[in-house]
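A.B. asks: One structure follows; several queries about it will come next.
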């Protein structure tokens with residue numbers, strides 16, 4: 001009986017720790033959006049945000065390598081629904097690359113999913129950038145220039161803010177998958193990424209900082225004009 005009690009308390013403690021870390025990730029993702037949009041000349045254009053199907057943020061993704069490279073991070077994503085932005089789903093990004101690169105850096109990554117195909121990949125919660133979903137560096141500034149191709153077939157536009165020295169930054173080959181630990185800690189078992197991102201799950205109290213940051217991102221872009 002004592003063993004059962006100890007194990008139960010241990011499991012509860014682990015769940016609380018995972019929930020706390022997940023909530024911290026939501027707060028950090030909100031800060032990333034606020035800080036990027038606070039400098040509209042180098043931020044995400046208003047038009048990009050207006051057409052976004054989903055917005056995903058990975059605060060402080062670690063990238064590094066010497067010839068061989070890799071990246072690892074955990075993020076949160078929300079998608080548009082008929083009632084507004086959905087509750088956030090938790091995901092992980094992992095992968096590797098090959099090329100002329102050296103160093104280690106922490107990167108705040110923002111991914112704008114801009115069409116239905118890209119959104120379907122995110123709902124499936126497991127895909128590879130470059131192989132399953134196309135990605136390209138998004139335009140920056142107050143407005144997206146009319147001569148850029150951001151409205152074409154590219155499914156994901158990427159924005160990054162580097163905190164260290166690194167060469168050869170690319171997301172091709174990176175895999176996006178569901179973060180099972182965070183999803184279970186926040187929403188419980190048997191809750192799918194699809195149900196969260198399609199608005200079938202209510203956001204938690206801790207999620208509002210991130211959702212409000214997403215809602216306010218376009219307002220910040222407009223205010224900078």
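A.B. asks: Given points 7 Å out from each Cα along the Cα-Cβ axis, report the residue 120 to residue 31 separation in nanometres with one decimal.
C.D. replies: In this crude spin-label approximation the distance works out to 3.8 nm.
A.B. asks: Ok, one more. Pull out the extension gain between residue 81 and residue 38, defined as 0.36 nm times the separation in residues minus the alpha carbon to alpha carbon distance; nm, one decimal.
C.D. replies: Working: separation 43, 0.36 × 43 = 15.48 nm, distance 2.59 nm.
Gain on stretching residue 81 to residue 38: 12.9 nm.
A.B. asks: Stretch residue 189-residue 51 to full length: gain in nm at 0.36 nm per residue minus the Cα-Cα span? Display every interim value, and only then the final one.
C.D. replies: Numbers: separation 138, 0.36 × 138 = 49.68 nm, distance 3.25 nm.
That pair, residue 189 and residue 51, stretches by 46.4 nm at full extension.
Since every read-out is calculated from the coordinates, none of them should be taken as a lab result. In this text, all values refer to a predicted model and were calculated from it rather than measured experimentally. Cβ sites come from the backbone with ideal geometry, for glycine too, and all protein chains shown count toward neighbours.
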